Amino acid sequence: MEREIQFGEEQLTLTNKRAIFIAKRKTLVIADLHLGKTAHFRKNGIAIPNSVVLQDLERLKNLISYFGPEQIIIAGDFFHASGNSELETFRNWKKGYGDISFILVKGNHDRLPESIYHHLNIPYFPSYSLNGLNIVHHPVKENKVHTICGHIHPGIFLKGKGKQRLGLPCYVVTENQLVLPAFSEFTGLDSSYSNKGTIYAFTNEAILEV
């Protein structure tokens with residue numbers, strides 16, 4: 001499912017697959033992939049199945065197949081920890097997409113050695129300008145340009161009858177800022193931004209303005 005919005009001079013497609021597509025720029029933008037996180041937990045004795053990262057990469061594969069982007073921008077937290085087995089999983093996955101440019105805006109978890117990014121052919125920047133859009137990792141409190149960011153893992157909690165409570169990932173859109181949901185499903189939800197703009201929450205079947 002998709003939702004079209006105007007953001008500055010650009011038309012953005014919000015998806016219920018935790019990514020936005022900018023058709024005019026043939027660009028897919030995601031944030032907080034957190035590769036390596038599940039392997040890091042397993043290494044420390046917490047049994048998290050490897051299928052989590054495979055499902056995230058499968059979703060990214062489907063987005064690529066559907067939209068046909070020429071570039072993918074990761075707005076921070078591409079890799080969660082030091083190098084582990086999931087780095088090799090991603091390296092093998094990426095071999096199938098040699099015609100797509102990957103660009104990383106470094107986040108607080110992106111601490112891999114420079115040589116690894118080089119071998120992955122992923123250039124990285126502290127911020128990235130895309131035809132007037134500023135892409136960063138952390139939200140900016142006072143921004144004068146239209147900014148896309150991640151980091152927060154925004155979500156909204158809906159209350160039902162009794163004590164029912166449903167948490168949904170979402171996009172948070174203000175006049176000059178769009179906060180992306182975490183691309184990885186192995187993340188929590190932060191509802192602190194749910195009153196700071198227009199909320200587009202989503203499920204596997206729909207995306208809706210709350």
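Cβ-to-Cβ counts within 10 Å put ARG165, ARG3, ARG18 in ascending order as ARG165, ARG3, ARG18, the fewest first. Note on the chain: antiparallel DSSP beta bridges, both residues inside, total approximately 60 percent of the bridges counted.
The residue among ILE64, PRO113, LEU166 whose Cα reaches farthest toward the positive pole of the charge dipole of the chain, with charges on the beta-carbon of Lys, Arg, Asp and Glu, is LEU166. Under the convention that each Lys and Arg Cβ holds +1 and each Asp and Glu Cβ holds -1, the size of the dipole of the range 2-209 around its Cα centre is about 480 debye.
Its relative contact order, with pairs defined as Cα atoms under 8 Å and 6+ residues apart, puts the range 68-210 at 17 percent. With R₀ fixed at 41 Å, the C-beta to C-beta distance from SER127 to ALA206 puts the FRET efficiency at about 0.80.
The Kirkwood hydrodynamic radius of the chain, based on inverse pair distances between different Cα atoms, is 17.4 Å.
Laboratory data are not the source of any read-out in this text; all were calculated from the coordinates shown. Computed from a predicted structure; not experimentally measured. Every residue, glycine among them, receives a Cβ derived from its backbone with ideal geometry; neighbour counts consider all protein chains shown.
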